[in-house]
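The values are calculated or read from the model by the stated rules, or taken from the named source; none is laboratory data. The model shown is predicted, which means the values in this text are computed figures rather than measured ones. Glycine gets a Cβ as well: all are built from the backbone with ideal geometry, and neighbour counts include every protein chain shown. Heavy atoms of the whole protein, side chains included, go into the accessibility calculation; ligands, DNA and RNA do not. Shrake-Rupley method; radii C 1.70, N 1.55, O 1.52, S 1.80 Å.
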Amino acid sequence: MLKQNCYCNSGLYYDECCKPFIEFKEIPKTAEQLMRSRYTAFCIKDASYIKKTMKERALELYDEESILNNPIEWKNLIILDRENGNPKDSEGIIKFRAIFKKFPNKEELSYIEEKSLFKKINEKWFYVDLIPLN
């Protein structure tokens with residue numbers, strides 16, 4: 001069986017990268033690992049994983065329908081910057097660009113660029129809020 005590259009563009013295979021997190025067999029050790037696994041969950045439309053990795057304001061804004069019925073096809077993830085978010089940190093910020101096709105039958109690519117705040121709560125990383133870009 002051919003191994004699939006991970007959706008998060010880490011350079012690893014899906015089985016070795018985000019799949020163990022999405023299946024709750026492992027816990028992300030860094031904010032970046034959580035961010036990458038959340039991106040992968042958006043790619044495969046795993047709304048349950050996305051919701052379970054959110055707290056605080058982010059969870060208040062959670063919208064399952066927008067995840068499940070979104071006509072976006074995610075194409076690539078690029079990590080632009082990271083602040084903290086290491087195993088011993090309690091907070092981390094990841095700035096990223098996610099490239100997508102809005103309608104899978106069209107070839108035009110677009111992207112979103114965001115800064116996300118992550119917090120470690122009870123030894124688990126969670127996405128908690130969006131930080132406005134300057």
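List of remarks:
- With N the number of residues in region 11-134, Rg(Cα) / (2.2 N^0.38 Å) evaluates to 1.02.
- Length gained on full extension, K45 to N134, computed as 0.36 nm times the residue gap minus the Cα-Cα distance: 29.1 nm.
- Take the Cα of N122, step 7 Å toward its Cβ, do the same at S66, and the gap between the two points is 2.7 nm.
- The stretch between S110 and D81, if pulled fully straight at 0.36 nm per residue, gains 8.5 nm over its current Cα-Cα span.
- Local net charge near I121, Cβ-Cβ under 12 Å (Lys/Arg +1, Asp/Glu -1): +1
- Cα point-scatterer Debye curve for region 1-44, base-10 log of I(q)/I(0) at q = 0.16, 0.19, 0.21, 0.25 Å⁻¹: -0.34, -0.48, -0.58, -0.82
- Accessible surface for the chain, divided over its residues, is 63 Å² per residue with a 1.4 Å probe.
- Max mean-square fluctuation residue, GNM over the chain, Cα-Cα springs under 10 Å, options R97, R57, R36: R57
- Of all aspartates and glutamates in the structure, the ones whose alpha carbon falls short of 13 Å from that of K19, not counting any fewer than 8 places away in one chain, are D46.
- Within the chain: Cβ-based charge dipole about Cα centre, in debye rounded to nearest 20 (Lys, Arg +1; Asp, Glu -1): 200
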